[in-house]
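The values are calculated or read from the model by the stated rules, or taken from the named source; none is laboratory data. Predicted, not measured: the structure shown is a model, and the values here were computed from it. Cβ atoms come from the backbone with ideal geometry, glycine included; neighbour counts cover every protein chain shown.
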Amino acid sequence: MYEAPLKLAVIVGSVRAGRFGPVVASWFAEQARRHGGFEVDVVDLADVPIPLELPATPPALEPNMARPAGMAELTHRLDRADAFVVVTPDYNRSVPASLKAAIDWHYTQWDAKAIGFVGYSGGSGGLLAIEHLRQIFNELNAHTVRYYVSFPRYYQLFDGDGQLLEPDEPASAAAMMLDQLQWWAGALAAARDIDRAA
């Protein structure tokens with residue numbers, strides 16, 4: 001078991017006006033704190049200016065490239081995380097542009113780290129976006145865990161105060177995902193420590 005506290009960044013992927021993402025992220029962050037395996041940091045992409053226009057040389061080829069000054073805190077928070085949970089809807093059967101841009105502006109921040117997903121949307125519960133994100137993060141040498149949490153027709157599942165009407169099943173799914181995430185995050189953090197010491 002990895003000894004140091006594992007740091008988990010919960011990323012709110014949508015920046016759309018009237019979005020529901022912060023409600024879902026708040027619920028999940030509470031599940032993660034109760035789990036006890038992580039220090040939890042909620043990263044809301046709506047708080048960060050993320051240009052859609054990428055530099056001529058992508059971060060994958062120049063990992064230490066300079067990013068826009070307003071992105072420095074985001075980069076630091078992604079750097080220090082051992083694991084991520086991406087909270088995402090699906091837009092037009094795929095990933096929010098804000099989330100894809102934040103991913104593309106970074107590279108080493110995802111490398112050899114564990115990633116889980118919480119999806120929400122009308123019909124699919126975010127699964128269409130999650131499937132695309134698995135492919136994207138695989139290309140970045142991250143490990144996506146098998147288990148996930150999904151909220152189809154989320155607007156019927158939460159009350160006006162952001163509380164789940166029937167919390168047991170989603171909480172169980174979250175606990176299973178967090179267990180997997182803790183195992184993989186610890187294993188990968190230990191491997192990264194060995195690489196740095198070599």
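Summary of values
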item: Verdict on G125 being assigned to a loop (DSSP other than H, G, I, E, B), surrounded by 15 or more Cβ atoms within 10 Å (Cβ to Cβ) and touching a strand residue (DSSP E or B) at 6+ places or on another chain (Cβ under 6 Å); result: yes
item: Near pairs, Cβ below 8 angstrom, 6+ apart or cross-chain, from region 63-81 (farther than 17 Å from A189 by Cα) to any residue that is surrounded by 12 or more Cβ atoms within 10 Å (Cβ to Cβ) and modelled with pLDDT under 90; result: M65/P55; M65/P59; T75/R67
item: Residues that are free of Cβ contacts under 8 Å to residues at least 40 places away in the same chain and either buried (at least 22 other Cβ atoms within 10 Å of the Cβ) or in contact with a Phe, Trp or Tyr (Cβ under 9 Å, 6 or more places away or on another chain) (or both), drawn from region 91-114; result: I103, Q109, W110
item: Cross-chain or 6+ apart pairs with Cβ under 7 Å, region 25-53 first and farther than 16 Å from T88 by Cα, then charged (D, E, K, R); result: F38/K7; E39/K7; V40/R33; D41/K7; D41/R77
item: Residue ID - nearest to W183 (Cα to Cα), chosen from residues in region 1-33 that are hydrophobic (A, V, I, L, M, F, W, C) and part of a helix (DSSP H, G or I); result: A32
item: Members of region 128-154 that are of a type outside the set (S, T, Y) and in a helix (DSSP H, G or I); result: L128, A129, I130, E131, H132, L133, R134, Q135, I136, F137, N138, E139
item: Residues of region 155-165 classified as surrounded by 15 or more Cβ atoms within 10 Å (Cβ to Cβ) and not in a loop (DSSP other than H, G, I, E, B), total; result: 2
item: Residue that is surrounded by the most Cβ atoms within 10 Å (Cβ to Cβ), among those in region 1-60 that are more than 17 Å from the chain's Cα centre (by Cα) and among the hydrophobic types (A, V, I, L, M, F, W, C); result: A60
item: Within region 1-38, tally of residues that are touching a Pro at 6+ places or on another chain (Cβ under 8 Å) and among the small types (G, A, S); result: 3
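Residues checked against (1) under 13 Å from the mean Cα position of the chain (by Cα); (2) charged (D, E, K, R); (3) over 26 Å from D47 (Cα atoms):
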{"site": "D90", "(1), (2), (3)": "no, yes, no"}
{"site": "A101", "(1), (2), (3)": "no, no, no"}
{"site": "I136", "(1), (2), (3)": "yes, no, no"}
{"site": "Y148", "(1), (2), (3)": "yes, no, no"}
{"site": "D168", "(1), (2), (3)": "no, yes, yes"}
{"site": "A174", "(1), (2), (3)": "no, no, no"}
{"site": "Q180", "(1), (2), (3)": "no, no, yes"}
{"site": "G186", "(1), (2), (3)": "no, no, yes"}
{"site": "D195", "(1), (2), (3)": "no, yes, yes"}
